[in-house]
Amino acid sequence: MALIRCDFFSDALELSTSMTVVLPQRVQTRIGTDEPPPSDDSPPVLYLLHGLSDDDTIWSRRTSIERYAEALGLAVVMPAVHRSFYTDMRHGGRYWTFVSEELPTVASQLFRVSTERERTFVAGLSMGGYGALQLALRQPERFAAAASLSGALDLGDLVRRGDRDETLRLVLGDDPVQGTPGDLLHLLDEADPQALPRLFVACGTQDVLLGHSERFVARARDRGVDVTESYAPADHTWDYWDAVVQEVLAWLPLDSRAGG
């Protein structure tokens with residue numbers, strides 16, 4: 001596998017930004033790995049999203065995502081979005097436009113990763129879980145599967161609990177959340193269940209955000225949406241995310257477990 005930190009210019013953000021990318025690499029003599037040869041086609045790709053306090057490097061620093069992905073011949077694209085909640089911020093950058101429109105174009109141009117729906121996936125933790133499911137619900141034609149790990153899936157709840165702190169004010173201003181494209185429960189109500197990708201929702205049972213995952217899963221099932229849930233005794237920690245991301249990778253509908 002190749003691990004690349006890529007600095008590039010974003011027209012959507014009107015500034016230079018970064019992504020970290022894991023790519024399948026054809027090798028013959030590496031010791032200590034059982035790496036399958038990548039196919040000649042563009043590899044399947046997982047867009048893997050970071051949480052509120054992190055950046056594009058965090059998954060590669062806190063987990064073994066490079067090692068996990070190599071056995072699958074899977075490319076992993078990890079963008080930096082700062083504290084944006086993957087939105088076009090009320091007072092800030094156009095991060096929804098960046099991640100939903102510009103990033104896949106740039107990634108496919110620079111790294112030749114797949115753009116086929118059947119070979120494109122998205123996942124994220126905490127704020128990134130929100131971003132992943134928002135992408136899946138608003139752009140179901142792009143993704144075959146989407147996963148949330150300990151996701152902040154109910155922004156309305158954060159606001160109601162008095163958590164409209166400086167970050168949420170920059171993201172939302174004083175605008176309401178309910179009934180908008182930023183409201184995942186509303187997006188579920190509006191979605192065609194048959195058109196959505198497969199969904200995976202995981203959370204630790206000691207996590208303060210557990211209720212967000214439980215409410216999302218309940219609403220999804222009420223709507224007839226295909227969703228897999230996974231709960232385990234854990235808090236909002238990297239020990240848990242390193243374990244559960246392996247569960248997510250095993251769940252992905254890859255057309256081959258070695259090389260796509």
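The values are calculated or read from the model by the stated rules, or taken from the named source; none is laboratory data. The structure presented is a predicted model; accordingly, all values stated were derived computationally and were not measured. All Cβ positions, even for glycine, are placed from backbone atoms using ideal geometry, and neighbour counts span all protein chains on display.
Quick rundown of the values:
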quantity	calculated
Failed item in (1) farther than 25 Å from Ser148 by Cβ; (2) modelled with pLDDT of 95 or more; (3) outside any strand (DSSP E or B), with Ser108 passing the rest	(1)
Condition broken by Pro79, with the remaining ones in (1) within 22 Å of Ala147 (Cα to Cα); (2) at pLDDT 95 or above; (3) touching a Ser or Thr at 6+ places or on another chain (Cβ under 7 Å) satisfied	(3)
Selection from the range 127-153 of residues that are crowded, with 24+ Cβ neighbours inside 10 Å and not hydrophobic (A, V, I, L, M, F, W, C)	Gly128, Gly129, Tyr130, Gly131, Gln134, Ser148, Ser150, Gly151
Number of the condition not met by Asp163 [criteria: (1) more than 18 Å from Trp251 (Cα to Cα); (2) at pLDDT 95 or above]	(2)
Helices (runs of 4 or more DSSP H) fully within the range 124-242 counting 3 or more residues that are more than 25 Å from Asp88 (Cα to Cα), without any contact (Cβ under 8 Å) to a residue 12 or more places away in the chain and out of contact with any helix residue (DSSP H, G or I) (no Cβ under 9 Å at 6 or more places or on another chain)	210-222
The range 54-100 - residue that is among the polar types (S, T, N, Q) and under 21 Å from Tyr240 (Cα atoms) and, of those, surrounded by the fewest Cβ atoms within 10 Å (Cβ to Cβ)	Ser64
Residue in the range 178-186 that is modelled with pLDDT of 95 or more, among the β-branched types (Val, Ile, Thr), surrounded by fewer than 19 Cβ atoms within 10 Å (Cβ to Cβ) and farther than 15 Å from Ala132 by Cβ present	no
Pairs, first without any contact (Cβ under 8 Å) to a residue 40 or more places away in the chain in the range 84-109, second outside any helix (DSSP H, G or I) and of a type in the set (Asp, Glu), C-beta under 6 Å, six or more apart	Trp96/Asp88
Test: residue in the range 22-40 that is hydrophobic (A, V, I, L, M, F, W, C) and at pLDDT 95 or above	yes
The lone exception for Leu155 - which of (1) touching a Pro at 6+ places or on another chain (Cβ under 7 Å); (2) within 22 Å of Val208 (Cβ to Cβ) it fails	(1)
Residues of the range 48-80 that turn out to be touching a residue at least 12 places away in the same chain (Cβ under 8 Å), in a helix (DSSP H, G or I) and of a type in the set (D, E, K, R), as a count	4
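Conditions tested, residue by residue: (1) among the hydrophobic types (A, V, I, L, M, F, W, C); (2) farther than 19 Å from Gly156 by Cβ; (3) within 17 Å of the chain's Cα centre (by Cα); (4) crowded, with 20+ Cβ neighbours inside 10 Å.
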| residue | (1), (2), (3), (4) |
| --- | --- |
| Glu190 | no, no, no, no |
| Pro197 | no, yes, yes, yes |
| Gly211 | no, no, no, no |
| Arg215 | no, no, no, no |
| Arg219 | no, no, no, no |
| Pro233 | no, yes, no, no |
| His236 | no, yes, yes, no |
| Glu247 | no, yes, yes, no |
| Trp251 | yes, yes, yes, no |
